[in-house]
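These notes concern the structure reproduced below.
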Amino acid sequence: MSDGQKFYKLVLKLVDKTEELPPLNGTHRRIIDLVEKDASLKEIAEKIEPDLELSATLLRRANSAFYMPRKSIGDIREALSLVGTKQLTGLFLIERVRKAVGSDTEFKKEIWEHSYQAAFYSNLLFNEHFKNTSQTDAYTGGLLHDIGKLIALNFDSESKKDLDDADNLKEKIQPGHLKNDFIKQPLCHPELGAMLAKKWNFPDDLAYAILSHHDLKLGADKPKPISFCAYFSNVLCRFQKIIAPIAPIAPDEEKAQRYYDLIDERALKAFKVSNIAGMKKMSEEIKILFDKNKRALGE
Ligand SMILES: [Fe+2]
Ligand SMILES: [Fe+2]
């Protein structure tokens, strides 16, 4: 058996051992049925309103800077028309994943925090650069891109050993990953996440976005906007850590240049970044928007 075959066999074993996602709850199921039946916003809003938790989540999304509302949104129907019913199914998926993963450790909290930042960026990038293409849930792509990393934190000791073995094999089959120190362990989290996405019946586009979030070449030949956005949102998060780290760590210009040189050219082109100065500018601007959004939400 080749190293590649051994690698995928191990990842598959880990996926098989991972439990199913908690099912959709009754209200969410009924809402999805309504969305699929193309029900009116009024009908869907009436199902959402009695569910206080869901109403709050939806209003929070609608009022965040992703949609740049001119005034504060307090009405569910208005929030729905702003967010879009398609985003609703993504919102339920996120809730189910959150339940399955938990956020009971500091490391998990840190990854969720990074994921929300990536989701914000991904959504913004989509709105600015792919707005006229068919709608895709770039927010969910950004939020769930590191799902493989999160799930791995729940593994038992036997699975953790398999995970280490899979990482060692990945170093052999894709040595390019070793040349940089930009990916935190586990190295195989994109493959693990993508296979979990298949097991959990995520849309194919989302599974591809998860698979290719560190390396666009791993996904489809022609990456979809959701893949570009998940990839570049993660790139921006990593770039910001190098160029504007939290004090007392000093910015590392040389490392930033090395990192910039590794960015997929198709992504740079898609987001109209032509040099490192442009990258710094974009990175700064998007971070300011994110910080404003966090403040607006009182986080
Ligand atoms: Fe990642
Ligand atoms: Fe990430």
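A short reminder: the numbers here are calculations on the coordinates, not readings from a lab. Treat the numbers as computed from the prediction; the structure is a model and nothing was measured. Ideal geometry is used to build each Cβ from the backbone, glycine not excepted, and the neighbour counts take in all protein chains shown.
Of note:
- Full-extension gain in nm, Leu52 to Ile246, via 0.36 nm per residue minus C-alpha separation: 66.2 nm
- As a rough footprinting exposure proxy, the listed residues Leu196, Leu24 were ranked by other beta carbons within 10 Å of their own, and the order from fewest upward is Leu24, Leu196.
- In loop segments of the range 134-237 as defined by DSSP, the trypsin sites (Lys or Arg not before Pro) with at most 15 further C-beta atoms inside 10 Å of their C-beta are Lys184.
- Dipole axis of the chain (+1 Lys, Arg; -1 Asp, Glu on Cβ), positive-most option in Gly102, Asn275, Leu211: Asn275
- Stretch gain in nm, segment Lys160-Leu262, where the contour uses 0.36 nm per residue and the Cα spacing is subtracted: 33.8 nm
- Neighbour-count ranking [beta-carbon atoms within 10 angstrom, fewest first] of Cys237, Cys188, Cys229: Cys237, Cys188, Cys229
- Per-residue Cβ neighbour rank within 10 angstrom, fewest leading, Thr18, Thr27: Thr27, Thr18
- The trypsin sites (Lys or Arg not before Pro) of the range 4-110 that meet both conditions, a loop assignment by DSSP and at most 10 other Cβ atoms within 10 Å of the site Cβ, are Lys37, Arg70, Lys71.
- From its DSSP helices (H runs of at least four residues, each -39,500 (n - 2.57)), the chain gives a residue-normalised ellipticity at 222 nm of -21000 deg cm²/dmol.
- Phi-based couplings in Hz for the range 22-37 (Karplus 6.51, -1.76, 1.60; Gly and Pro marked x): x, x, 4, 7, x, 4, 4, 4, 5, 5, 5, 4, 5, 4, 5, 7
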